[in-house]
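Pasting a structure here, questions to come.
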Ligand code: AMP
């Protein structure tokens, strides 16, 4: 993709702080880290979101994300690590090239999880579960 910023980084047209590369995937530091060592892991093949990424490409990317998560945790001395992955604008996606955030976490770093809420009724839980189950049943494996 000509205009995709991550494709430009992959082609070497824009600099990045690379931490790992192979012929299928790339990992580099996020330019605007939540904590130091916050990394991004992505396939070299351009796919906009996780939902349209072929399973084989996704599997390779997730395997690398796991390796990077271990290295980030051990390399930064973090107490924990979050993997984040945003799809579509409503979910906070800014760059439309599939990527995983690998975020080192430290006790008391002040970065809070989002707040959950209670369902309005038991019926509401069942209604939404039914709609999702129906979609899963009609999906091609
Ligand atoms: P997302 O909201 O999941 O699409 O996140 C995109 C991430 O890419 C953000 O955390 C940005 O800070 C990061 N980012 C954007 N441009 C660059 C860049 N040139 N180098 C490194 N990270 C970048």
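The values are calculated or read from the model by the stated rules, or taken from the named source; none is laboratory data. Here the structure is a predicted model, which means the values were calculated and not measured. Neighbour counts run over all protein chains shown; Cβ positions are idealised from the backbone, glycine included.
Do you know which residues across region 41-92 are within 28 Å of residue 2 (Cβ to Cβ) and either at pLDDT below 95 or more than 16 Å from the ligand (Cβ to nearest atom) (or both)?
45, 54, 55, 56, 57, 59, 60, 64
Identify all residues within region 104-130 that are within 16 Å of the ligand (Cβ to nearest atom) and touching a helix residue (DSSP H, G or I) at 6+ places or on another chain (Cβ under 8 Å); write none if there are none.
104 - this is the single residue of region 104-130 that is within 16 Å of the ligand (Cβ to nearest atom) and touching a helix residue (DSSP H, G or I) at 6+ places or on another chain (Cβ under 8 Å).
Among the residues of region 13-28, write down those that are under 22 Å from residue 56 (Cα atoms) and within 14 Å of the ligand (Cβ to nearest atom).
Passing the criteria: 26, 27, 28.
OK, next. Residue 72 is checked against (1) within 29 Å of residue 108 (Cα to Cα); (2) buried (at least 16 other Cβ atoms within 10 Å of the Cβ); (3) touching a helix residue (DSSP H, G or I) at 6+ places or on another chain (Cβ under 8 Å) and fails just one. What number does that condition carry?
Answer for residue 72: the failing condition is (3).
Here is a check on your reading of the model: is residue 9 within 14 Å of the ligand (Cβ to nearest atom) and either in a loop (DSSP other than H, G, I, E, B) or touching a residue at least 40 places away in the same chain (Cβ under 8 Å) (or both)?
For residue 9, the condition - within 14 Å of the ligand (Cβ to nearest atom) and either in a loop (DSSP other than H, G, I, E, B) or touching a residue at least 40 places away in the same chain (Cβ under 8 Å) (or both) - is not met.
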